[in-house]
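Below: one structure, written as structure tokens.
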Amino acid sequence: MPSIASRKVEQSRRLQQRAESMIPGGVNSPVRAFGSVGGDPPFIARGKGSHIWDADENEYIDYVGSWGPLILGHAAPDVLDAIVGAACNGTSFGASTPAEADLAELVLAAFPPMQKVRFVNSGTEATMSAIRLARAYTKRKYIVKFEGCYHGHSDSLLVKAGSGVATLGIPGSAGVPEEFIQFTLALPFNNVKAVEYAFQKFKHQIACVIVEPVVGNMGCVPATDDYLVALRMITERERSVLIFDEVMTGFRVAFGGAQELYNIRPDLTTMGKIIGGGLPVGAYGGSSEIMNLVAPLGPMYQAGTLSGNPLAMAAGCAMLKHLRDHKEIYPRLEKLSRTLVEGVATAAKGAGVPLCYNRVGSMFTWFFTPGPVTDWDSASQSNTEAFGKFFRAMLDSGVYLPPSQYEAAFLGATHTEQDIQQTIAAAKQAFAAARG
Ligand SMILES: *Cc1c(COP(=O)(O)O)cnc(C)c1O
């Protein structure tokens with residue numbers, strides 16, 4: 001394990017300064033900034049499997065995995081071959097290509113409640129479009145979301161939106177007029193009564209309930225037993241659309257996502273991350289009845305110049321085919337993730353550090369609070385200063401974690417038993433240093 005003093009930062013520091021002079025904060029997505037944890041963000045030069053190398057040639061075990069997509073690790077051979085193969089035939093046409101139906105077939109086969117799917121370029125586009133579609137279908141205005149859930153950065157969804165905004169300590173976002181969010185009801189997660197109350201108060205006015213079925217964006221917070229069942233029951237009774245935002249959980253917590261894991265059939269599903277194989281892809285889908293409202297078949301307009309891009313479709317196909325043909329990946333991820341998450345928790349306990357964890361399959365968070373963490377209020381009890389210290393110590397030992405207490409970390413198929421043991425050893429050292 002590299003010693004704490006050995007991490008070089010010269011090149012990364014220079015690259016950060018250069019980027020900062022032209023790009024706000026030097027980053028093209030605020031979650032990449034190190035503001036809440038401190039220290040120098042490594043600029044990544046390359047990745048292979050579970051490891052990444054920065055511009056100063058420091059090597060890290062990566063538990064970010066591009067924030068979820070890279071369940072097969074960096075530079076996965078199948079995915080690379082598919083991208084190169086597709087690129088040689090041209091990178092974009094703005095006309096239909098066969099790979100779009102190939103990826104659609106793979107997605108629909110894995111998610112039985114979906115009969116049709118539309119591909120877009122990001123999770124943000126997927127959720128924004130699904131909300132528009134739910135409103136078009138129900139002819140209602142209000143939407144219900146939950147505190148700490150993030151559904152991308154579209155105006156009406158940037159209310160109590162977890163991770164990125166919470167890390168920055170801002171409640172929503174400047175530049176979103178009140179009028180744009182007057183139909184967004186943000187309710188506490190894991191609280192059925194709050195949902196019942198909202199449906200009573202806004203009778204026949206709620207178009208949809210959108211939820212991360214396993215929240216990843218306030219750190220990992222699973223739904224309690226029966227919560228998702230209750231959401232399904234209430235929305236069905238009230239003729240409101242239930243949207244599972246599976247941008248993070250799709251093909252992650254199970255091949256068929258959280259809806260397979262918990263056996264719930266949502267009306268609409270949004271996806272992203274893994275389905276793009278590391279390229280920019282999002283998707284939304286549901287029954288033909290609802291999806292036939294989408295243009296050109298119906299009156300709900302949604303479009304994209306680069307949507308269904310051949311490189312992105314090829315990468316997604318290679319990724320999903322690999323997962324489909326190697327389902328043994330999921331039980332292995334379960335086992336390795338448990339060893340890692342419990343190993344670090346045991347190390348914390350041994351050092352007297354108050355810490356709890358949530359984990360569903362290969363997504364997890366160590367919260368620096370005694371817990372339990374079940375919603376945004378309990379997540380926000382975390383000692384973010386202690387997390388920052390832990391984060392920096394891990395980074396210096398060659399372990400790259402998400403630079404925020406309020407993000408999920410991920411394991412991928414290329415992580416090894418040795419990665420796990422090395423990470424637990426690094427955590428032991430970090431907790432001992434924090435105490436001493
Ligand atoms: C990442 C994420 C999004 C946003 O996806 P982008 O591709 O970043 O726009 C939406 N919903 C969930 C649950 C996510 O995890």
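Points worth noting:
- Of the residues making up region 356-378, those that are within 16 Å of residue 402 (Cα to Cα) and open to solvent by less than 20 Å² (accessible area, probe 1.4 Å) are 362, 363, 364, 365, 366, 367, 368.
- Among the criteria (1) at negative phi; (2) outside the structural domain of residue 248 (by TED's automatic domain parsing); (3) within 16 Å of the ligand (Cβ to nearest atom), the one residue 68 does not fulfil is (1).
- Breaking point among (1) of a type outside the set (Ser, Thr, Tyr); (2) farther than 25 Å from residue 28 by Cα; (3) in contact with a helix residue (DSSP H, G or I) (Cβ under 6 Å, 6 or more places away or on another chain); (4) at pLDDT below 95, for residue 214: (4)
- Meets criteria (at pLDDT below 95 and within 22 Å of residue 271 (Cα to Cα)) for residue 254: no
- Boolean, residue 224 is modelled with pLDDT under 95 and either more than 15 Å from the ligand (Cβ to nearest atom) or part of a strand (DSSP E or B) (or both): yes
- Which numbered condition residue 195 misses (of (1) at pLDDT 90 or above; (2) of a type in the set (A, V, I, L, M); (3) within 15 Å of the ligand (Cβ to nearest atom)): (3)
- Some residue of region 273-284 being under 19 Å from residue 153 (Cα atoms) and of a type in the set (Lys, Arg): yes
- Among the residues of region 240-250, those identified as more than 10 Å from the ligand (Cβ to nearest atom) and either under 18 Å from residue 124 (Cα atoms) or surrounded by fewer than 24 Cβ atoms within 10 Å (Cβ to Cβ) (or both) are 242, 243.
- Residue 372 fulfils the conditions (1) farther than 30 Å from residue 76 by Cβ; (2) part of a helix (DSSP H, G or I); (3) in contact with a Cys (Cβ under 9 Å, 6 or more places away or on another chain) except for a single criterion, (2).
- In region 206-217, the residues that are more than 9 Å from the ligand (Cβ to nearest atom) and open to solvent by less than 10 Å² (accessible area, probe 1.4 Å) reach residues that are of a type in the set (Ser, Thr, Tyr) and assigned to a strand (DSSP E or B) with C-beta atoms within less than 6 angstrom, at least six apart or across chains, in these pairs: 206/142.
- Residue 336 being buried (at least 17 other Cβ atoms within 10 Å of the Cβ) and over 18 Å from residue 162 (Cα atoms): yes
- Cross-chain or 6+ apart pairs with Cβ under 7 Å, region 32-51 first and free of Cβ contacts under 8 Å to residues at least 60 places away in the same chain, then assigned to a loop (DSSP other than H, G, I, E, B): 40/9; 43/55; 45/55; 47/75; 48/75
- Residue under evaluation residue 32, criteria (1) open to solvent by less than 100 Å² (accessible area, probe 1.4 Å); (2) modelled with pLDDT under 95; (3) under 27 Å from residue 280 (Cα atoms), criterion not met: (1)
- Subset of region 280-289 (residues that are within 27 Å of the chain's Cα centre (by Cα), away from the ligand (no atom under 16 Å from the Cβ) and open to solvent by 10 Å² or more (accessible area, probe 1.4 Å)): 287, 288
- Residue within region 174-182 that is out of contact with any His (no Cβ under 9 Å at 6 or more places or on another chain) and either within 16 Å of the ligand (Cβ to nearest atom) or touching a residue at least 60 places away in the same chain (Cβ under 8 Å) (or both) present: no
- Residue in region 420-436 that is nearest to residue 61 (Cα to Cα), counting only those that are open to solvent by 10 Å² or more (accessible area, probe 1.4 Å) and not hydrophobic (A, V, I, L, M, F, W, C): 422
The values are calculated or read from the model by the stated rules, or taken from the named source; none is laboratory data. Because the structure is a prediction, the values reported are computed rather than measured. Cβ atoms come from the backbone with ideal geometry, glycine included; neighbour counts cover every protein chain shown. For the accessible areas, the whole protein counts, side chains as well, though only heavy atoms, and no ligand, DNA or RNA atoms are used. Shrake-Rupley method; radii C 1.70, N 1.55, O 1.52, S 1.80 Å.
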